[in-house]
Ligand code: BMA
């Protein structure tokens, strides 16, 4: 039933056209196929309308705690038997036209994994830890608090920024399925801007400057005709206690499709986690319903799952109260590269049963069920 909703809407418009009159109009309506972006938006809306929440995991099929770069492997699948409905990928270093992204996943591998996730009926989302164009440091280099002002001013830094955004745009535009169609993705640039750890963070610049970064980004994508993007806005819970703070960097309805939030759990802080989640998800829900947008928990997680039962006791009851279309937990870093930095249990982990119980909840969707929502 729910899976048909987009086409029911399309059918309804067709009906309206037919009511209105000429055969010519109805022939035109029949010829209109929804774009990939429209289909992705409709799938996200269906999730939200039906009270389903798609589960996502960063870099899921690229590496896990005990393996790396084994095509189609997944810690999530090893534990639950299914892939996550959403896989997030990071574009960090695409700005330098690098062969691999900042955590060592080659863009060739990433592309092939994106195609595979799309082919299995799942969804791909993208984040971007873009380096600092002024200092030459990483996205965490906040030593020059005038970075945003400098990249916005006409000149060499602005040219660099546009070139870098252009590389991200070219890559996203080049993601195609076996039929040669562009794969729609959710892109979440300039994330966690309420915090002071990325050079684009609001504490280092002004809301207007931050919004201008979004405008340039959209401008470059539009100039290149990149049309397969659903755009996500994602404040961090830091400096985000009020609705005004949540919306402080909001660039405008024409730039954003998904109202997100990045909220991590810290052991021993269950109550604060609850408060952050309730605050930000309430703001996202209110604004999304007012503006016709989608709500998502764009990043969450409990590092190394040291608090037993986190998925069922701490996460599940909170997300189930809001029309959240999807959630994404962060990566299962390979233990050789970074130990105890994982957010999903792997086979043999003590929290496997908790995660499987979460997987079994009727409102939680993994790839197989996601593929039925078309
Ligand atoms: C952080 C950590 C880092 C990683 C970065 C970008 O949260 O996972 O190890 O390099 O994200 O993916």
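The values are calculated or read from the model by the stated rules, or taken from the named source; none is laboratory data. What you see is a predicted model; the values in this text were computed from it and never measured. Using ideal geometry, Cβ is built from the backbone for each residue, glycine included, and neighbour counts are taken over all protein chains shown.
Would you point out the residue of the range 110-141, among those that are outside any loop (DSSP other than H, G, I, E, B) and surrounded by fewer than 19 Cβ atoms within 10 Å (Cβ to Cβ), that is nearest to the ligand (Cβ to nearest atom)?
Taking the candidates together, the pick is 111.
Are there any strands (runs of 3 or more DSSP E) wholly within the range 259-374 with 3 or more residues that are touching a strand residue (DSSP E or B) at 6+ places or on another chain (Cβ under 6 Å) and farther than 30 Å from residue 247 by Cα, and if so which?
Here the list is empty.
Return yes or no: is residue 186 surrounded by 18 or more Cβ atoms within 10 Å (Cβ to Cβ) and farther than 20 Å from residue 161 by Cβ?
yes
Within the range 161-174, can you find the residues that are more than 16 Å from the ligand (Cβ to nearest atom) and either surrounded by 20 or more Cβ atoms within 10 Å (Cβ to Cβ) or more than 22 Å from residue 231 (Cβ to Cβ) (or both)?
161, 164, 165, 169, 172
In the set 309, 292, which member is touching a helix residue (DSSP H, G or I) at 6+ places or on another chain (Cβ under 6 Å), away from the ligand (no atom under 16 Å from the Cβ), over 19 Å from residue 192 (Cα atoms) and at pLDDT 95 or above?
309
Go through the range 28-69 and count every residue that is out of contact with any strand residue (DSSP E or B) (no Cβ under 9 Å at 6 or more places or on another chain) and crowded, with 21+ Cβ neighbours inside 10 Å.
Of the residues in the range 28-69, 3 are out of contact with any strand residue (DSSP E or B) (no Cβ under 9 Å at 6 or more places or on another chain) and crowded, with 21+ Cβ neighbours inside 10 Å.
Considering only residues of the range 240-250 that are in a loop (DSSP other than H, G, I, E, B) and in contact with a helix residue (DSSP H, G or I) (Cβ under 6 Å, 6 or more places away or on another chain), which is nearest to residue 189 (Cα to Cα)?
It comes out as 249.
Please go through the range 70-103 and give me each residue that is within 16 Å of the ligand (Cβ to nearest atom), surrounded by fewer than 16 Cβ atoms within 10 Å (Cβ to Cβ) and in a loop (DSSP other than H, G, I, E, B), ordered by number.
98 - this is the single residue of the range 70-103 that is within 16 Å of the ligand (Cβ to nearest atom), surrounded by fewer than 16 Cβ atoms within 10 Å (Cβ to Cβ) and in a loop (DSSP other than H, G, I, E, B).
Collect the residues in the range 224-242 that are without any contact (Cβ under 8 Å) to a residue 60 or more places away in the chain, surrounded by fewer than 19 Cβ atoms within 10 Å (Cβ to Cβ) and more than 17 Å from residue 207 (Cα to Cα), keeping them in residue-number order.
Passing the criteria: 224, 225.
Looking for whichever is on the phi < 0 side of the Ramachandran plot, at pLDDT 95 or above and in a loop (DSSP other than H, G, I, E, B) here; the options are 203, 154. Which one fits?
Result: 154 is the single residue among 203, 154 that is on the phi < 0 side of the Ramachandran plot, at pLDDT 95 or above and in a loop (DSSP other than H, G, I, E, B).
Which ones in the range 337-356 are surrounded by fewer than 20 Cβ atoms within 10 Å (Cβ to Cβ) and within 13 Å of the ligand (Cβ to nearest atom)?
337, 338, 339, 340, 341
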